[in-house]
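The values are calculated or read from the model by the stated rules, or taken from the named source; none is laboratory data. Bear in mind the structure is a predicted one, so any value in this text is a computation, not a measurement. Please note: Cβ atoms are built from the backbone with ideal geometry, for glycine as well, and neighbour counts cover all protein chains shown. Heads up: the accessible areas ignore ligands, DNA and RNA and are worked out on the full protein's heavy atoms, side chains in. Shrake-Rupley method; radii C 1.70, N 1.55, O 1.52, S 1.80 Å.
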Amino acid sequence: MTKPRPTPTPTSNPAPTQARARSFDRAAAQYAANRPGYPPTLFDTLEELTGRPLTGARVADIGAGTGIATALLHARGADLVAVEPGAGMAAEFRRTLPDVPLVRGTGDALPLADSSADLLTYAQSWHWTDPARAVPEALRVLRPGGALALWWNTDALDVPWIAAAAERLRRHFDLDVAAEQRDTGARLRDPAGRLTPVRRTVSWSRRVPLDTHLANLGSHSVFLVHDAEHSAAFLTEERERLLTVFPDAIVEEVYDVVLLFATTPSRPPDAPPVPLPGMRG
């Protein structure tokens, strides 16, 4: 088993991004129960871009959270290990995926062996990393010719009710959803030019009860880092507004999954890859 690398000690006054990243632990069960998954087409696209099936591929899912993406990769037959820094999220992961190896760590200091993975995945989690550290770490852990895949469920802002809800979020929380989504395509930055990402978009939707939709919203970090009264006020008003759009209280959430994918430079390996923790040799 690979010996974990030490994780940097958190500072006493975390930056806003760090505070948001750590906020999920206290809402792990809510996150697991209400967040959307990902459509099969996304995993078909991963197989197309890697040129191989996910079945049997050595995959490390980084920032795995409660295991939403991990479970779908597992269902496709990937040989998996998950990496997650948060205690609450890790506990929820272990409850739902007890047979999938999980190690504690971050993308900035991966507790994984050199040249040990065919594919590194970051579902909704790359933006919590420091790319100046996370890119070299990904290159270290990936085998030659391996791939890095980052993806996000983003709100389909061309849908009128979703655009209106995003504007309400901007007013209430000073959160510019459109600006955050415009930045998604630039999030895989490698100043050394070793990675040349391609971008794909996969559109999909799900129909859920209004309570599930609101609980999904409430599991986002912007709600978790604000005081409960401020967040509850938004959700109460949002319920009333959405009932005018969806009087049957069934909401159709529409997403564009933005996928950034890059392969590592190929070179003849000088030694067989070292297995990841829990992976077959």
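Summary of computed values
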{"read-out": "Scope the range 234-253; condition over 28 Å from the mean Cα position of the chain (by Cα) and open to solvent by 90 Å² or more (accessible area, probe 1.4 Å); matching residues", "value": "240, 241, 244, 247, 248"}
{"read-out": "All positions within the range 85-116 that are among the acidic types (Asp, Glu) and within 23 Å of residue 56 (Cβ to Cβ)", "value": "99, 114"}
{"read-out": "Subset tally (residues that are surrounded by fewer than 18 Cβ atoms within 10 Å (Cβ to Cβ) and either within 24 Å of residue 68 (Cβ to Cβ) or of a type in the set (Ser, Thr, Tyr) (or both)) for the range 223-233", "value": "2"}
{"read-out": "Output for the range 96-149, where each listed residue is over 17 Å from residue 189 (Cβ atoms) and free of Cβ contacts under 8 Å to residues at least 24 places away in the same chain", "value": "98, 99"}
{"read-out": "Criterion: modelled with pLDDT under 95 and either in contact with a helix residue (DSSP H, G or I) (Cβ under 7 Å, 6 or more places away or on another chain) or closer than 28 Å to residue 252 by Cβ (or both) - qualifying residue of 61, 44, 25", "value": "25"}
{"read-out": "Near pairs, Cβ below 7 angstrom, 6+ apart or cross-chain, from the range 194-211 (modelled with pLDDT under 95) to any residue that is open to solvent by 50 Å² or more (accessible area, probe 1.4 Å)", "value": "194/265"}
{"read-out": "Subset of the range 31-51 [part of a helix (DSSP H, G or I), of a type outside the set (A, V, I, L, M) and more than 15 Å from residue 225 (Cα to Cα)]", "value": "34, 40, 41, 43, 44, 45, 47, 48, 50"}
{"read-out": "Tally, over the range 188-217, of residues that are in a loop (DSSP other than H, G, I, E, B), touching a Ser or Thr at 6+ places or on another chain (Cβ under 9 Å) and open to solvent by less than 40 Å² (accessible area, probe 1.4 Å)", "value": "2"}
